[in-house]
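Chemist: What follows is a single structure, and I will ask about it in a moment.
The values are calculated or read from the model by the stated rules, or taken from the named source; none is laboratory data. Just so you know, these numbers come straight off a predicted model, no measurement behind them. Here Cβ is always computed from backbone atoms with ideal geometry, including for glycine, and neighbour counts include all displayed protein chains.
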Amino acid sequence: MAYERIHPAVLALYFLSVTVPAMFSLNPVFHIAAFAGAVLFMILTEPEPPKARTVLWMSVLFIAVVIINPLFNHRGQTELFFLNGHAITLESIFYGVRNALCVLSVLLWCRIFNRMVSSEKLLALLGKHLPKTALLISSSLRLIPLLRHRAEEMRDTQKELGLYGTGEVTDRLAGGAKVFSMLVTWSLDHATAVSASMKARGYGLKGRTTYSIYRFGRRDAIRMALLLGIDAAILGVMASGQMAFSFYPVLTMERGAFTTAGIVLYCLLVFTAAFTEGKNRIQWNYYRSKI
Amino acid sequence: MKKAVTIILLCVLIPAVVIGGAILFRDRFYTWLAVLVAILSCVPFLYAFERRDTTSKELMVLAVMIALSVIGRIVFAGIPGFKPVTAITIIVALSFGGEAGFLVGSLSAAVSNFYFGHGPWTPFQMFAWGIIGLLAGLLRKPLQKSRILLCVFGALAGIAYSLTMDVWTVLWSEGTFVLKGYLAAIAAAFPQTVVYAVSNVVFLLLLAGPVGKKLERIKKKEGLFQ
């Protein structure tokens, strides 16, 4: 993927530039664009079609969020029918659809972000400003597989000794408790051993810096500047009220000289990820066809 | 220099972000505010932790406790809501104090979401679990004395955690804080709330004694968190 070579700060800013307007603006144009961009990106990058369970779960979430709003919100001019004496209005249903699109598109973008920015990249970002927190997070991320492995070894040892082997529920629970107890003792002592080793290597001495494999290069600076420019333009259009949208009493979309520009810029932003990915794929297929 | 940057950040940037958000996102201002509050309330604790002299031993012991609570969440992932994170956070806070409790609670949320998926809910979970740890640390004297009080605290922490996450659910899906919607969210999440409270009590009863003892031992042996 092309994202391996982009500095994580640029990726994080890109993620924020896409999700913040989609999360906090009422204008459905943002949500539709964000949703379409995410879906297109996923189609291009995911090797297999999504699992039926994921699709089902997302549809249930979508429908639930759509339904919630008209049930509690009776504003709006176009009354469709009455439920328990309260009007269910077309506008409130549209607002529910907007909420659902917002929730889903942000969810999808979070998935994309999780893939583009691995935990190492996130820690590299944090490392400069919160070095101790980053160290805590990265060492616990390392400890998780290590401790699970240790727990398995301990369980095997217990079994080999002929303990907790009957498979009954009480026996298994007692065995699990024993393993957990040993795991806590072992890992706490392991922690002090690791910290002694850290001290021997000079952790915490004055003048030590954190190492990061990600270099902020000239290309990253250009990308960052472009992103910031587009962000400023979009936020400017939003602040001027030309991207405002209201659902009640009737759907109204504000229009101004810069509305189209705002929409085009946001679409550009949202589809950049899918576009880069698509371009890479075409290139890849092209080069492969030449072999 | 670093201090000046921090002060400028706190005094200028935060109000600017809040006011800017108020202008930009007039209609969904409360969602914006809630996300910001959740993120910003974690920042002072993390900065205080960064500035303090923490020995590498303390760091590694905290990392181990975070790893253990994340493993617990992964092992019990099959039962929704049933997770030992809150209990382990409280136990750490009882032995090592409120700051350690905050760190273990909030970073358990951050780390476990690498497995369960990060999203806009991450800061809320960090905030909720962190505050539970902090409170447990502040109340450590009475909580250490009485097992019953500890269980009550665990149950209340489960309920409080659920109520905090319900605020988030409503704000995220509705955009504004509608009381009716909030009550509906609470009602919908009621079984989950019960599971939270019960699992906290169960894990506290099971773990507080043995794990607490081990933590006290390592604390005395290595002279941690004095």
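Chemist: Among (1) surrounded by 13 or more Cβ atoms within 10 Å (Cβ to Cβ); (2) closer than 25 Å to A:Ala36 by Cβ, where does A:Asp189 come up short?
Modeler: Condition not satisfied by A:Asp189: (2).
Chemist: Considering only segment A:138-160, I want to know if a residue exists there that is outside any helix (DSSP H, G or I) and either touching a helix residue (DSSP H, G or I) at 6+ places or on another chain (Cβ under 7 Å) or at the interface with chain B (Cβ under 8 Å from one of its Cβ atoms) (or both).
Modeler: No: zero hits.
Chemist: Here is a follow-up. Hey, among B:Gly101, B:Gly117, which residue is more than 17 Å from B:Gly154 (Cα to Cα), of a type outside the set (Asp, Glu) and without any contact (Cβ under 8 Å) to a residue 40 or more places away in the chain?
Modeler: Unique residue meeting the criteria: B:Gly117.
Chemist: Considering only residues that are more than 10 Å from every other protein chain (Cβ to nearest Cβ) and modelled with pLDDT of 90 or more, which ones fall in segment A:174-199?
Modeler: Within segment A:174-199, just A:Met182 meets the criteria.
Chemist: Ok, one more. Exactly one condition in (1) without any contact (Cβ under 8 Å) to a residue 12 or more places away in the chain; (2) under 29 Å from B:Ile79 (Cα atoms); (3) loosely packed, with under 15 Cβ neighbours inside 10 Å is false for B:Lys214; which is it?
Modeler: In the conditions (1) without any contact (Cβ under 8 Å) to a residue 12 or more places away in the chain; (2) under 29 Å from B:Ile79 (Cα atoms); (3) loosely packed, with under 15 Cβ neighbours inside 10 Å, B:Lys214 misses (3) alone.
Chemist: Same structure, new question: Would you be able to say whether some residue in segment A:147-170 is closer than 25 Å to B:Asp53 by Cα, out of contact with any strand residue (DSSP E or B) (no Cβ under 7 Å at 6 or more places or on another chain) and outside the structural domain of A:Ile263 (by TED's automatic domain parsing)?
Modeler: no
Chemist: Can you name the residue in segment A:114-130 that is more than 7 Å from every other protein chain (Cβ to nearest Cβ) and not aliphatic (A, V, I, L, M) and is also farthest from B:Phe45 (Cα to Cα) among such residues?
Modeler: Out of the qualifying residues, it is A:Arg115.
Chemist: Have a look at B:Leu62, B:Leu24, B:Leu40 and point out the one that is free of Cβ contacts under 8 Å to residues at least 60 places away in the same chain and more than 9 Å from chain A (Cβ to nearest Cβ).
Modeler: The unique qualifying residue is B:Leu40.
Chemist: Would you mind telling me which numbered condition in (1) more than 10 Å from chain B (Cβ to nearest Cβ); (2) closer than 24 Å to B:Leu215 by Cα A:Arg208 fails?
Modeler: Looking at each condition in turn, A:Arg208 falls short on (2).
Chemist: Also, I was wondering about something else. When you go through A:Met23, A:Met58, A:Met42 one by one, which is the residue that is surrounded by 22 or more Cβ atoms within 10 Å (Cβ to Cβ) and either free of Cβ contacts under 8 Å to residues at least 40 places away in the same chain or part of a helix (DSSP H, G or I) (or both)?
Modeler: A:Met23
Chemist: Here's a follow-up. So, of the residues in segment A:84-100 that are assigned to a helix (DSSP H, G or I) and either among the acidic types (Asp, Glu) or out of contact with any Pro (no Cβ under 7 Å at 6 or more places or on another chain) (or both), which turns out to be farthest from the other protein chains (Cβ to nearest Cβ)?
Modeler: Among those that are assigned to a helix (DSSP H, G or I) and either among the acidic types (Asp, Glu) or out of contact with any Pro (no Cβ under 7 Å at 6 or more places or on another chain) (or both), it is A:Leu90.
Chemist: Right, here's the next one. Is there a residue in segment B:73-81 that is touching a residue at least 60 places away in the same chain (Cβ under 8 Å), in a helix (DSSP H, G or I), away from every other protein chain (no Cβ under 11 Å) and of a type in the set (Val, Ile, Thr)?
Modeler: For segment B:73-81, residues touching a residue at least 60 places away in the same chain (Cβ under 8 Å), in a helix (DSSP H, G or I), away from every other protein chain (no Cβ under 11 Å) and of a type in the set (Val, Ile, Thr): absent.
Chemist: Would you pick out the residues in segment A:178-209 that are more than 35 Å from the chain's Cα centre (by Cα) and of a type in the set (A, V, I, L, M, F, W, C)?
Modeler: Within segment A:178-209, A:Met182, A:Ala193, A:Ala196, A:Ala200, A:Leu205 qualify.
Chemist: Also, quick follow-up: Of all residues in segment B:170-226 being of a type in the set (Val, Ile, Thr) and facing another protein chain (nearest Cβ under 8 Å), which is nearest to B:Lys57 (Cα to Cα)?
Modeler: Filtering first and then ranking leaves B:Ile218.
Chemist: Continuing with the same structure: If I ask for residues that are under 18 Å from A:Glu152 (Cα atoms) and aliphatic (A, V, I, L, M), which ones from segment A:175-206 would you list?
Modeler: If the condition is that a residue be under 18 Å from A:Glu152 (Cα atoms) and aliphatic (A, V, I, L, M), then A:Ala177, A:Val179, A:Met182, A:Leu183, A:Val184, A:Leu188 are the ones that fit.
Chemist: Which numbered condition trips up A:Ala221, out of (1) within 30 Å of A:Arg5 (Cα to Cα); (2) in contact (Cβ under 8 Å) with a residue 24 or more places away in the chain?
Modeler: So the condition that A:Ala221 fails would be (2).
Chemist: Of B:Ser112, B:Ser95, which residue is more than 10 Å from every other protein chain (Cβ to nearest Cβ) and either in contact with a strand residue (DSSP E or B) (Cβ under 8 Å, 6 or more places away or on another chain) or hydroxyl-bearing (Ser, Thr, Tyr) (or both)?
Modeler: The unique qualifying residue is B:Ser95.
Chemist: Taking segment A:28-84 as the search range and keeping residues that are modelled with pLDDT under 85 and among the aromatic types (Phe, Trp, Tyr), which one is nearest to A:Tyr14 (Cα to Cα)?
Modeler: Among residues in segment A:28-84 that are modelled with pLDDT under 85 and among the aromatic types (Phe, Trp, Tyr), the one nearest to A:Tyr14 (Cα to Cα) is A:Phe72.
Chemist: Separate question: Taking the residues in segment A:70-83 that are away from chain B (no Cβ under 11 Å) and either of a type in the set (S, T, N, Q) or assigned to a helix (DSSP H, G or I) (or both) as candidates, determine which candidate is surrounded by the most Cβ atoms within 10 Å (Cβ to Cβ).
Modeler: Looking at the filtered set, the residue picked out is A:Pro70.
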